[in-house]
Every structure is written in structure tokens, then in C-alpha cells.
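Asker: Here it is, the structure in full.
The values are calculated or read from the model by the stated rules, or taken from the named source; none is laboratory data. A quick note: this is a predicted structure, and the numbers were derived from the prediction, not measured. Here Cβ is always computed from backbone atoms with ideal geometry, including for glycine, and neighbour counts include all displayed protein chains.
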């Protein structure tokens, strides 16, 4: 199916930040755009704001003044919805109220040609429900842009129960023609991104509530070890806790109280206190003096340098995903001795004298040490790239001595990594977050929300994840990810950490998500 031609007129309802942004995207792609808002003067104000945004690009040398004039000439403010009658596609971007959206689309259906495509930019409401009272719900779909629309690449093309394949394919092709990265999704709560992203916030909030570490330290680990652009706490402060909490509540309620989406009492308390993040001046961090340069963001809790002489590092078993860590150790001049023999579960172990170190597998260090008959055990966290990671989280079993912990600290510091000690926490930080993201992505694929390719694409283009969650799971090995989730579920005794059937099945059949 081909995209709408450049001659197609695009109508946009709502001239706020999202509506104006979508209008700008369509106009920059070459379409004539009619922008309508029921607030007097709002459409003109929206176009004036677009002009200012483009003028900034001119000042930076990213656009010519002639291009700005051409874009603005293609934008027409409308005083009434009647002006949208000749549109070939109308995109609604108003407040998230189901009944109001239904009224708008009923008006549009009466005004526009039977061939006009109708789309909603809703991020949380059911497309099926919005279109339910239309005479021709088959021509309506979701076209979910991310804020700010001119900058963010992802567009979720969301099919309701009645949406035809032809309509979805046309919108998909059109979004791609506008320079966006489009993905297909079915109309289920949260679509792709707002559903799959929930564990990124939820696991961080749980770790904070359990006292594993503080917000600044957990953020640093997900950035410097996990490769995420922002940690969950600074990101929630940026989004606004009222918004983020409302989305979590919406998804939780829509899935009938599934514990995987359970909201956090920690975040609820911030909302109750009015500490909504950057926009209110306080959230997890304090921004009240930031503009005056007086605010000091809390620093991560990094271990002090350990002055310990390191014995040779003995590697037991195939290192697998941690091989770059060993290469990094060798490059520092550390003596690395390799042994072929494997532990009974096939996982590699690192030995520094009597100290055993291993990659976390979802169990806490004390449980694992008892189960495996070890005296001193230090677990280390997953990293996106062990060769370049700048930080790493560690935890120790109850019987591990302070001297052994110093030895582990010295080892990772020698590799140039900041060391963070957590309480003895199952799955540590990056591993449990990645495992839960992959699990949610797998369930989205299992339930027909999207394809494996689209969920990975959506999470990278929509929220800047360093790697698609299913591609990450494939790289780690699905059996390992499944085992990690099983251990987390056993540790907490909660359904929250249950493995997706698709993940378990693919792990057993050794079939990757992207074959």
C-alpha cells in the first residue's frame, strides 16, 4: 500500500504541543495542512509557535529561511471544523477524554468524504472504543506520535477491531514517507511502548523501595552499565509523576490488576505531595535552584578505591557474554587463567583466590551461595557492553568477608569501572530490568499486539533504548533470561515475575525471536 500523495490535504484537530507538532511534520513533508482548535486564536498561536521553532533551526544553520516560509505557507489556521471537510486524512490530538474524542470523530465523519482517513493520536485510549459509534469505524486508526512530534522518530499505527488492513497500511506508509519510523500495533492497553516500558520504571521503583540503593545510584547504573540514555528516576522527573503514574494506573486497570503493572506507593506519595518532577521543582531530585545554578544533583554512591593486590583471575567455564570483561582484565595486565570445566549449571565463574564471582542469575547472593556450597560469593550485574561499561553493581552473600568484598572492588576498579555495592538483591539492577522488559515484549508478541521486529524497533526509536529487548534476550540466551525470571519469581513469590509462555517455549526450542 502506498502513502498518501503530496497533494493530499491533512487536517489536524487540536493546536496544542502535540497537534501543532504533527501539523509541522505533515507540512515539512510537503502537505497542505489545516489546523483547527476550538479555542479562539489557538490555531494561529500554534502556527506562530511552529514558526519560532523553525526560526531556531535557521539560526543553527539546519534550515534556510526560504524553507521556513514554504512550510508556514502550507499551514492554514481554521476557525471552524467545517474547514476540515476537504481533508484526505484528519488526525485528532486533543485531551485524553473518551467521550470528547467520540464526539469529534462523529462530527468529522459527518463532514468529511467517505474516503477520508480518520486517526487519533491517543496514547492510552482504545481505538476500538473511540470508533465504536461511527458508521464506518473501519476507516479509523491510531496514529500515535511521540512528544515532541517533529523530533521523535517513532509513530505507532494502531488498528482497532474494525480498522481495515488497507487503512493501517496507508497510514504506515504515510508515516514512513514523512520521515518517521512506523510500527504496527493492535489496540490494546498501552499499545507497544507505554506497555513494554512499564518495567523500566517499576523495577527501579521497587529497588528504591526495598532499599537496594538510592535513586541517583540506580539511575547511574542503568546509564553507565545498562547503556540507557536516562535512568528511570530522572526520566520520571522529566515526564512528570502525575503523567507517568496515571499511565501506569491506566495500564494496570486495563489489564484487570495484573501485578506486572502494579503502581508504586513511592511514586503515589510524590503525586500526593505535588512533587511532580521538573515542572513542579521537586521530584526524586530537587530542581528549584537549577536555573540559578544552585541546585546540586545527588551523586551516585560509588565505592572508594580499594588498595588490594590482586591474585591471578581464574576463569572456570565458557565466559559467554562476559568474555569482553575478561579481555578488559587482560588488557590491564592482570594474569587470567582459563579452565574448561563448567559448573553444574553451565554458568562461568571467576575466582580471585578463595573468592568466587559470577554474573547474577536472578537469585540473591546468599541463596545462591547456600545452594552451591560456597563460602564467599560476589555477584555482578549485567552490562550492555562489558568492554566499555563505566560502572557495575555488585552484591555479596551474607558470609562474604569485608576483605573479599574489597578484593572484588579492586578487581572491577582495575578495569576502570565505578563499583556500586547493593544490598543482597535478586537480579541486581540492569539484569532484572532487561529481563522484565524482554518478558513484557515477548507477551506483547504472543498476544498479537505487534511483531518481534516492531517491538524492538519501537523501544529503540520511541524511548531510545540501547538495544531492542527481544534482541537483547536473544543475545543473552533465552534459557538464561527465562531462568533469571524464574529465580526472581521464586525469590519474591509473586506472579509479577512469571515468564511469558512465548519466552519459555522459545527457550526450550532454542529458537530466537528474530529467526
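Asker: Can you go through 32, 7 and tell me which one is surrounded by 16 or more Cβ atoms within 10 Å (Cβ to Cβ) and within 30 Å of residue 184 (Cα to Cα)?
Answerer: Being surrounded by 16 or more Cβ atoms within 10 Å (Cβ to Cβ) and within 30 Å of residue 184 (Cα to Cα) holds for just one of 32, 7, which is 32.
Asker: Additional query: Just checking, which of 462, 468 is buried (at least 23 other Cβ atoms within 10 Å of the Cβ), within 19 Å of the chain's Cα centre (by Cα) and free of Cβ contacts under 8 Å to residues at least 60 places away in the same chain?
Answerer: Numbers: 462 fails: free of Cβ contacts under 8 Å to residues at least 60 places away in the same chain.
Testing whether each residue is buried (at least 23 other Cβ atoms within 10 Å of the Cβ), within 19 Å of the chain's Cα centre (by Cα) and free of Cβ contacts under 8 Å to residues at least 60 places away in the same chain leaves just 468.
Asker: Condition test on residue 81, is it without any contact (Cβ under 8 Å) to a residue 24 or more places away in the chain and either surrounded by 14 or more Cβ atoms within 10 Å (Cβ to Cβ) or within 15 Å of residue 139 (Cα to Cα) (or both)?
Answerer: No.
Asker: Can you pull out every residue in segment 296-324 that is part of a helix (DSSP H, G or I) and touching a helix residue (DSSP H, G or I) at 6+ places or on another chain (Cβ under 9 Å)?
Answerer: 320, 321
Asker: I'd like to check something: does segment 448-462 contain any residue that is farther than 22 Å from residue 188 by Cβ, in contact with a helix residue (DSSP H, G or I) (Cβ under 7 Å, 6 or more places away or on another chain) and not assigned by TED's automatic domain parsing to the domain that holds residue 146?
Answerer: no
Asker: Can I ask one more? Inside segment 423-439, can you point out the residues that are at negative phi and surrounded by 24 or more Cβ atoms within 10 Å (Cβ to Cβ)?
Answerer: 426, 429, 430, 431, 432, 433, 434, 435, 436, 437, 438, 439
Asker: Can you name the residue in segment 353-381 that is on the phi > 0 side of the Ramachandran plot and touching a residue at least 40 places away in the same chain (Cβ under 8 Å) and, of all such residues, is surrounded by the fewest Cβ atoms within 10 Å (Cβ to Cβ)? Don't jump to the end; show me each part of the working.
Answerer: Our first condition is that a residue be on the phi > 0 side of the Ramachandran plot; within segment 353-381, this holds for 353, 362, 373.
Still in the running and touching a residue at least 40 places away in the same chain (Cβ under 8 Å): 353, 362.
On the way: 353: 14, 362: 25.
The selected residue is 353.
Asker: List the strands (runs of 3 or more DSSP E) inside segment 356-428, counting only whole elements, that have at least 2 residues being at pLDDT 95 or above and within 24 Å of the chain's Cα centre (by Cα).
Answerer: Because the criterion is at least 2 residues that are at pLDDT 95 or above and within 24 Å of the chain's Cα centre (by Cα), the strands (runs of 3 or more DSSP E) in segment 356-428 that meet it are 391-396.
Asker: Just wondering, is there one or more residues in segment 180-199 that are closer than 25 Å to residue 263 by Cβ and out of contact with any helix residue (DSSP H, G or I) (no Cβ under 8 Å at 6 or more places or on another chain)? Can you show your working first?
Answerer: Initial filter on segment 180-199 (closer than 25 Å to residue 263 by Cβ): 185-199.
Filter once more, so that each one left must be out of contact with any helix residue (DSSP H, G or I) (no Cβ under 8 Å at 6 or more places or on another chain): 186, 191.
Yes.
Asker: Scan segment 476-486 and tell me whether some residue there is more than 22 Å from residue 323 (Cβ to Cβ) and assigned to a helix (DSSP H, G or I).
Answerer: yes
Asker: Which numbered condition trips up residue 177, out of (1) surrounded by fewer than 20 Cβ atoms within 10 Å (Cβ to Cβ); (2) under 16 Å from residue 440 (Cα atoms)?
Answerer: With (1) surrounded by fewer than 20 Cβ atoms within 10 Å (Cβ to Cβ); (2) under 16 Å from residue 440 (Cα atoms) applied to residue 177, the lone miss is (2).
Asker: Of these, 243, 266, 308, 251, which one is surrounded by 13 or more Cβ atoms within 10 Å (Cβ to Cβ) and over 22 Å from the mean Cα position of the chain (by Cα)?
Answerer: Sole residue among the options that is surrounded by 13 or more Cβ atoms within 10 Å (Cβ to Cβ) and over 22 Å from the mean Cα position of the chain (by Cα): 308.
Asker: In contact with a helix residue (DSSP H, G or I) (Cβ under 6 Å, 6 or more places away or on another chain) and assigned to a helix (DSSP H, G or I) - does that describe any residue in segment 220-227?
Answerer: No, segment 220-227 has no match at all.
Asker: Same structure again: Where in segment 165-213 are there helices (runs of 4 or more DSSP H), lying wholly inside it, with at least 2 residues that are within 30 Å of residue 420 (Cβ to Cβ)?
Answerer: Where helices (runs of 4 or more DSSP H) fall fully within segment 165-213 and carry at least 2 residues being within 30 Å of residue 420 (Cβ to Cβ), they are 193-196, 198-209.
Asker: Also, I was wondering about something else. Scan segment 106-120 residue by residue and report those that are in contact with a strand residue (DSSP E or B) (Cβ under 6 Å, 6 or more places away or on another chain) and either farther than 29 Å from residue 2 by Cβ or in a helix (DSSP H, G or I) (or both). Write out each step before concluding.
Answerer: First, the residues of segment 106-120 that are in contact with a strand residue (DSSP E or B) (Cβ under 6 Å, 6 or more places away or on another chain): 108, 117-120.
Within segment 106-120, just 108 meets the criteria.
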